[in-house]
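The structure appears right after this line, and notes come after that.
The values are calculated or read from the model by the stated rules, or taken from the named source; none is laboratory data. None of the values given here were measured: they were computed from a predicted structure. Because the Cβ atoms are built from the backbone with ideal geometry, glycine has one as well, and the counts that use them run over all protein chains shown. Only protein heavy atoms, including side chains, enter the accessible area calculation; ligands, DNA and RNA are left aside. Shrake-Rupley method; radii C 1.70, N 1.55, O 1.52, S 1.80 Å.
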Protein chains: 4
Amino acid sequence: MNLLITGFEPFDSETVNSGYEAIKLLPDKILDYNIIKLELPVIFEDSIDILIKAIENFNPSIVLCIGQAGGQANIIPERVAINIDDARIPDNKGMQPVDVPIFKDGENAYFSKLPIKKIVENLKSENIPADISNSAGTYVCNHIMYGLLYFINKNKEYNSIIGGFIHVPYLETQVVNKPNTPSMTTEEICRALKISIETIIKEPVKNIDTKKKSYFFDFSV
Amino acid sequence: MNLLITGFEPFDSETVNSGYEAIKLLPDKILDYNIIKLELPVIFEDSIDILIKAIENFNPSIVLCIGQAGGQANIIPERVAINIDDARIPDNKGMQPVDVPIFKDGENAYFSKLPIKKIVENLKSENIPADISNSAGTYVCNHIMYGLLYFINKNKEYNSIIGGFIHVPYLETQVVNKPNTPSMTTEEICRALKISIETIIKEPVKNIDTKKKSYFFDFSV
Amino acid sequence: MNLLITGFEPFDSETVNSGYEAIKLLPDKILDYNIIKLELPVIFEDSIDILIKAIENFNPSIVLCIGQAGGQANIIPERVAINIDDARIPDNKGMQPVDVPIFKDGENAYFSKLPIKKIVENLKSENIPADISNSAGTYVCNHIMYGLLYFINKNKEYNSIIGGFIHVPYLETQVVNKPNTPSMTTEEICRALKISIETIIKEPVKNIDTKKKSYFFDFSV
Amino acid sequence: MNLLITGFEPFDSETVNSGYEAIKLLPDKILDYNIIKLELPVIFEDSIDILIKAIENFNPSIVLCIGQAGGQANIIPERVAINIDDARIPDNKGMQPVDVPIFKDGENAYFSKLPIKKIVENLKSENIPADISNSAGTYVCNHIMYGLLYFINKNKEYNSIIGGFIHVPYLETQVVNKPNTPSMTTEEICRALKISIETIIKEPVKNIDTKKKSYFFDFSV
């Protein structure tokens with residue numbers, strides 16, 4: 001079985017992207033899953049198309065998108081993606097959409113299909129600082145998370161994909177010239193990704209309402 | 001015409017709530033609007049019902065909910081409310097819902113109907129620090145914002161209400177015993193609310209898709 | 001009797017200096033003290049000379065230097081000045097001393113002669129966030145505080161001067177385009193300065209070892 | 001030749017101290033120096049005596065004291081220690097001195113004898129975030145740094161000791177239940193200490209005025 005993991009190319013005058021640097025260190029196989037690595041451009045227009053082509057090509061049962069959250073100290077599974085692009089800085093193609101919906105026929109938001117609480121719990125039990133975030137922003141990170149979940153929810157044949165997004169801190173190389181900014185080593189982020197992936201693979205999938213509800217909602221009540 | 005503005009009672013061991021303290025200083029009339037002030041309990045179960053009863057009673061054309069965002073330095077109009085309660089601390093009734101949807105038939109999220117960008121612009125031009133937030137959290141603040149927008153969107157007779165949520169910093173009284181924490185004077189928060197209200201009243205309402213789209217989406221493209 | 005209060009001109013691409021803006025709002029008399037206001041250049045080379053000339057001219061019994069601590073939320077009386085200039089950015093004359101002692105025959109450090117704990121206590125009791133700082137940095141703020149205390153300690157005829165330094169936050173105008181940065185209104189900083197001045201005037205001076213010990217040391221033990 | 005490195009026991013309800021955990025991983029020899037490891041109590045009254053006994057016993061040519069700076073993201077060589085104890089929380093023996101000089105016949109402050117700028121430079125070139133600090137606080141960390149430098153400066157036979165203090169961040173284990181707090185792995189802090197030690201050993205000692213001037217002062221001017 002295949003697990004597709006994506007990182008982004010560097011952006012905002014950085015020369016590396018912490019997420020993709022850590023992805024490069026992942027093994028090619030975790031448990032019984034082939035780990036397929038994809039570097040996405042930090043470009044609103046192209047990123048979703050490239051992601052979807054990779055999904056159609058590799059038919060993964062899990063899609064995990066990784067992004068860099070400069071200034072954060074924790075590994076941060078994102079809870080929700082919202083239907084809006086609102087960029088403070090231009091993307092790598094020079095585009096800067098302001099208050100534009102990502103898909104006009106999309107829901108206002110989609111919840112992650114990852115077991116985000118269990119990921120946080122397992123990371124902490126392995127001494128990696130982690131927390132849930134309730135906003136992936138309105139830049140290309142939220143854009144790709146929304147695009148992924150829109151695609152999964154809109155297409156019956158891809159409904160069973162477990163998809164979501166995790167933000168990771170800067171690498172040490174990225175903060176040595178910034179004032180008092182948290183960072184993690186590439187090895188430690190890689191360890192966090194491995195634990196996250198193992199959690200996603202092992203966690204039994206239950207209560208998923210693929211249309212619009214979160215993985216964690218309990219509808220039996 | 002009526003404008004209903006709500007604040008919360010104190011919570012989390014505070015003895016005041018910065019939002020409601022500032023609301024108390026507002027005049028009873030701004031431009032041609034009667035300012036109706038309501039203090040809501042920090043209780044998941046009751047807060048939405050009380051808000052809706054006030055809406056039904058006063059029939060306001062604008063509903064502005066205010067909350068306290070401890071630790072933030074800015075006046076923060078919220079962009080979006082999400083359909084989930086996930087409390088880190090118990091509410092004032094001792095309830096602590098975890099990963100529970102607010103309304104099972106609600107959208108995953110609703111966008112604010114306030115002119116949030118214009119409010120930020122006007123506050124800054126009056127030298128009040130302000131910024132958009134993309135998450136109102138998952139506590140009672142998000143709960144009431146979601147409840148308000150769910151109500152507006154679900155009920156045809158209330159579809160034209162301009163509703164949304166603004167977070168404000170701690171008062172100085174609340175931070176004197178906290179380490180290096182931003183605050184604002186009650187008078188300054190009150191001035192910010194007045195500017196926000198005047199902005200909402202004056203800004204022409206356009207392009208509202210009351211079902212699920214943001215105030216700012218441009219559907220003419 | 002005279003109280004000399006100094007602020008700095010703007011620096012580091014700011015167009016105002018929060019400290020001096022607040023000083024300008026102070027009355028000309030507080031209790032029985034004439035308040036003499038002086039704007040100092042942010043220039044290592046000139047600032048101490050200008051300060052000393054003003055002291056010689058006005059013969060104040062209290063000298064209070066004020067500086068801007070961008071990013072801090074509190075009013076911060078400084079505890080100590082150290083004998084070193086180490087500038088991260090050039091001063092307003094383009095000079096950037098690195099690891100240079102201020103006075104070769106000076107002590108390594110001088111403690112403030114202000115009642116810093118009492119100032120913090122009185123500010124807090126008036127709901128103004130305040131705290132002691134143990135470092136005035138190594139830029140022109142520390143430079144002027146060190147120069148003042150060196151002068152007081154080295155010159156018998158000025159030994160009785162109560163001198164020290166207080167850092168104040170940015171004004172709101174300075175943070176509206178900075179991300180989530182604490183600020184205070186000019187009026188509130190001015191109120192804080194007034195309370196600080198009243199505290200210095202009223203507090204009985206005791207236990208001062210004018211050579212090198214802090215105001216607060218109890219040598220009776 | 002001997003290098004004495006000290007860390008502290010845990011304090012303030014922590015169960016480990018990041019500094020000493022990293023020290024434990026250091027090899028017993030770095031270049032031609034024997035690394036002698038000492039765990040100090042977080043007790044104002046006892047800590048300096050224990051340190052001095054170890055110095056008298058092992059006759060080290062380098063003494064490096066390490067402390068934990070919770071909340072900081074960087075490795076932080078301290079520039080200066082000041083002659084005052086002013087504790088916000090009781091030490092591990094329940095003592096909480098307030099505004100008490102450490103040694104009545106001591107200088108107001110002593111500058112570190114470590115090549116602090118070179119340490120920061122070398123750490124950064126090895127991709128470890130680092131910065132100079134101008135205050136070691138007024139708790140047991142500053143107390144031990146001051147005690148060490150007082151001892152070196154006051155005793156002719158120990159004048160040649162290269163001594164100073166470095167603060168290090170929390171370990172990951174210490175922040176998993178704190179909100180968004182920077183940390184470093186024990187291995188990474190250990191790597192930082194090794195680089196710091198190699199820098200101290202290799203850096204030619206020059207321009208030291210053992211009485212009261214910093215390592216970095218250039219007196220040839």
Some residue of the stretch B:2-25 being in a loop (DSSP other than H, G, I, E, B), more than 30 Å from C:Pro169 (Cβ to Cβ) and not β-branched (Val, Ile, Thr): no
Selection within the stretch A:9-32 - under 17 Å from A:Ala192 (Cα atoms) and not small (Gly, Ala, Ser): A:Asn17, A:Tyr20, A:Glu21, A:Ile23, A:Lys24, A:Leu25, A:Leu26, A:Pro27, A:Asp28, A:Lys29, A:Ile30, A:Leu31
Residue match in the stretch A:144-155 (condition: more than 23 Å from A:Glu188 (Cα to Cα) and part of a loop (DSSP other than H, G, I, E, B)): yes
Residue that is most open to solvent (accessible area, probe 1.4 Å), among those in the stretch B:43-61 that are more than 22 Å from A:Arg79 (Cβ to Cβ) and in contact with a Lys or Arg (Cβ under 9 Å, 6 or more places away or on another chain): B:Glu45
Subset of the stretch D:103-119 (residues that are of a type in the set (D, E, K, R), in a loop (DSSP other than H, G, I, E, B) and more than 10 Å from chain C (Cβ to nearest Cβ)): D:Asp105, D:Lys113
Residue check, C:Ile50 free of Cβ contacts under 8 Å to residues at least 40 places away in the same chain and of a type outside the set (D, E, K, R): yes
Out of A:Pro90, A:Pro97, A:Pro129, sole residue that is more than 26 Å from A:Asn57 (Cβ to Cβ) and surrounded by 22 or more Cβ atoms within 10 Å (Cβ to Cβ): A:Pro129
Residue under evaluation A:Ile128, criteria (1) within 14 Å of chain B (Cβ to nearest Cβ); (2) part of a loop (DSSP other than H, G, I, E, B); (3) of a type in the set (A, V, I, L, M, F, W, C), criterion not met: (1)
Qualifying residue in the stretch C:133-152 (condition: at the interface with chain D (Cβ under 9 Å from one of its Cβ atoms), open to solvent by 30 Å² or more (accessible area, probe 1.4 Å), in contact (Cβ under 8 Å) with a residue 12 or more places away in the chain and within 15 Å of the chain's Cα centre (by Cα)): yes
Hits in the stretch C:70-102 - residues which are within 13 Å of chain D (Cβ to nearest Cβ), out of contact with any Gly (no Cβ under 7 Å at 6 or more places or on another chain) and not in a strand (DSSP E or B): C:Arg79, C:Ile84, C:Asp86, C:Ala87, C:Arg88, C:Pro97, C:Val98, C:Asp99, C:Pro101
Among residues of the stretch D:9-26, those that are without any contact (Cβ under 8 Å) to a residue 60 or more places away in the chain and over 18 Å from the mean Cα position of the chain (by Cα), counted: 2
Criterion: surrounded by fewer than 22 Cβ atoms within 10 Å (Cβ to Cβ), more than 11 Å from every other protein chain (Cβ to nearest Cβ) and in contact with a helix residue (DSSP H, G or I) (Cβ under 8 Å, 6 or more places away or on another chain) - qualifying residue of A:Asn155, A:Asn177, A:Asn122: A:Asn122
Every residue from the stretch C:59-89 that is over 19 Å from C:Glu39 (Cα atoms), out of contact with any strand residue (DSSP E or B) (no Cβ under 6 Å at 6 or more places or on another chain) and in contact (Cβ under 8 Å) with a residue 60 or more places away in the chain: C:Gly71, C:Gln72, C:Ala73, C:Arg79, C:Asn83, C:Ile89
Criterion (over 17 Å from A:Tyr20 (Cα atoms) and in contact (Cβ under 8 Å) with a residue 60 or more places away in the chain) met by exactly one of A:Ile161, A:Ile189: A:Ile161
Residue in the stretch D:108-118 that is basic (Lys, Arg), in contact with an Asp or Glu (Cβ under 9 Å, 6 or more places away or on another chain), modelled with pLDDT of 95 or more and open to solvent by 10 Å² or more (accessible area, probe 1.4 Å) present: yes
Residues (in a loop (DSSP other than H, G, I, E, B), touching a strand residue (DSSP E or B) at 6+ places or on another chain (Cβ under 9 Å) and among the acidic types (Asp, Glu)) located in the stretch C:28-58: C:Asp28
Considering residues of the stretch B:158-174 that are hydroxyl-bearing (Ser, Thr, Tyr) and outside any helix (DSSP H, G or I) only, the residue nearest to the other protein chains (Cβ to nearest Cβ): B:Tyr170
